[in-house]
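So the structure is just underneath, and the comments pick up after that.
Derivation of every value follows stated rules applied to the coordinates shown; laboratory data play no part. Computed from a predicted structure; not experimentally measured. Note that each Cβ is placed from the backbone with ideal geometry, even for glycine, and that neighbours are counted across all protein chains shown.
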Amino acid sequence: MDNYDFRSSLEVNWHEELEKLGIEHQYETLKVSMKIDGVETTYTPDFVLPAQGLVIEVKGSHPWEGKSMQKTRMLAKMGYSVLKCTGEGKFNFIGNESSSCFILKCPACSRHFFSCSLDETCPFCSDDTVKDLVYDGSEGISAWRTRKELDRWLFDKEAFDRIHNTLRSESRDAHQNVYEKLCGVPQMLSYSYDLIEKLKSLFRKYPNMKEVERFFFSIIDTLPVRKDQTISFPPILLEGSPGCGKTSFAMEFGKIVAEKNHRKIELSNGVVNFAIAGSERGFNNSETGIILKTMFSDGFSPVKNPLIILDEIDKCQKDTYASESVFHTLLEKRSAKVFTDNFFGIPVDASKVNYIGLCNDSTRISRSIMDRFKHFYIRDYTRKELRDTVIPGIYENWLHDEQVNLARVPRHLSREIREKILKLCNGKPRKIVPLLNDFLRIYLHNDSTTYTFISLFTTRERKNWKSLCYQPAEETACDTEKSLLLDTAWMEEP
């Protein structure tokens, strides 16, 4: 399509709209011979929609008359279904007694089509359930009209109003709640100097992520020649054996670049379509899916480019209408522009959502999904990397996660303790946190001078433990500590 030279910007607008909706179309490929006022002539409609058997004639807002109108009406009389699409974004069928025309989306196959009835059977899958109304031909398409603030929203407010007004009272409050969290001009998460520094620190904790690091910083390096600093990257897939750090890396990465607007989806649990793309209105506990939830606002404006982590994507259930089917839409920017959550029921622009996929075995992922990812294989850690980088990194996170008193533990674990942890974890990073919990008890020590409990110091370090603390130690012990000193026979000496 893009190789053709369109004759007007209006044709370009309609081409882009059809592309956005995923409607298959061809430009000036049909030539029809006909006779107008006794003269043989050839007519070439602007667009052909082969899957629907439709032809489209694009016209401006000026009066439509003369031979152009005659040819179009003659084409309709010859049995062709002809759609007139105007410069105002409006559209209707030529020769149809009803002036009504709509763009609908089939909830069964997720395809868009033109229709003169809201009750029409889907021409692709023959589904006869109620269709989602995307655009009303008499009101037009606002996506490429004069830019107004509403046009920059993630969705069409008029479409929301039409659907919202048809809902039962018990569904309206929940539907309105989604609206309020998605309405307004969206914000875009952007790179900053502080964020980039945090990413550098993150990659230092994961020495086996060098290729991933080069990839992300190749994007960051281009920021000076880009118009904006927004966080945007193609879907990436991290493959590696359990314990290589891919999941913990992705979660920490998400906290840095997206803060509250990142989510992890556990696909090994048989997550079905409705958990990702929302559940149909009318069911008990119906709600929107994870995709839209990551875009929800914090009370100011929604986020257009959140991050979603697809954990264990190689364990998708292929025998159900599950996650894999919806990924064909979400991982393609064109189709994601009109992603329709089953509960919200209105196309939302999800084309800027960022994705990180995680898997142990990429051979179990279908080729159509793999082709949508930039693939990285994450090797296992070396023994030296575990001791000198991984254990210290996990230790730092563990201190905060377990709410350890930072004035009673060392800033850096001694090599002696790291070697013991390394030996007991058998090269498996997932065992490090349980071992730290064990060592916190094993190395617990009562300092007889200050009546203070300390831990994770070796025997040699205890003499100068105050200078080695994560934070300055307190001078005196609290009453709780003194009461604990009544019985210390249970304490083990390492």
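General remarks:
- Value of [θ]222 nm, deg cm²/dmol, for the chain, DSSP H segments ≥ 4, -39500 (n - 2.57) each, nearest 500: -9000 deg cm²/dmol
- Helix axis angle, 193-205 relative to the chain longest principal axis, alpha carbon, degrees: 60
- Farthest positive-ward along the stretch 193-377 dipole, Cα basis, beta-carbon charges - from Ile290, Thr340, Phe217: Phe217
- Under the simplified labelling scheme, the Ile220-Met370 pair shows an inter-label distance of 3.1 nm, with each label point 7 Å from Cα along Cα→Cβ.
- Projected label points at Ser297 and Arg430, each 7 Å from Cα along the beta carbon direction, are separated by 4.1 nanometres.
- Net charge dipole, the stretch 1-57: roughly 200 debye, given to the nearest 20, about the Cα centre with Cβ charges of +1 for Lys and Arg and -1 for Asp and Glu.
- For a straight C-alpha distance cut-off of 21 angstrom, the lysines reachable from Lys90 (same-chain residues fewer than eight places away being disregarded) are Lys20, Lys59, Lys71, Lys105, Lys131, Lys148, Lys157, Lys337.
- Computed on the Cα trace of the stretch 78-121, the radius of gyration divided by the Kirkwood hydrodynamic radius gives Rg/Rh = 0.99.
- Length-normalised contact order for the chain - Cα pairs under 8 Å, 6+ apart - percent: 11
- Rounded tilt (10° steps) of 415-425 against the dominant C-alpha axis of the chain: 60
- Pairs of alpha carbons in the stretch 1-44 whose separation is greater than 12 Å (percent): 69
- One chain, two ends: Glu28 and Cys109. Fully extended at 0.36 nm per residue, the span grows by 26.4 nm beyond their Cα-Cα distance.
- When DSSP beta bridges are restricted to pairs lying wholly in the chain, around 55% turn out antiparallel.
- Sorted largest first, the principal axis extents computed over the alpha-carbon atoms of the stretch 383-484 equal 41, 24, 20 Å.
- Peptides 332-340, 396-404, 194-202 ranked from most to least packed by the mean count of surrounding Cβ atoms within 10 Å: 332-340, 194-202, 396-404.
- Against the chain, whose longest principal axis comes from its Cα atoms, helix 210-221 is set at around 60 degrees.
- Taking a ≥ b ≥ c as the square roots of the eigenvalues of the alpha carbon gyration tensor, the stretch 193-377 is oblate, as a/c is not under 1.5 and a/b does not beat b/c.
- Chain lengthening between Asn177 and Cys125 when straightened (0.36 nm per residue, less Cα-Cα): 15.5 nm
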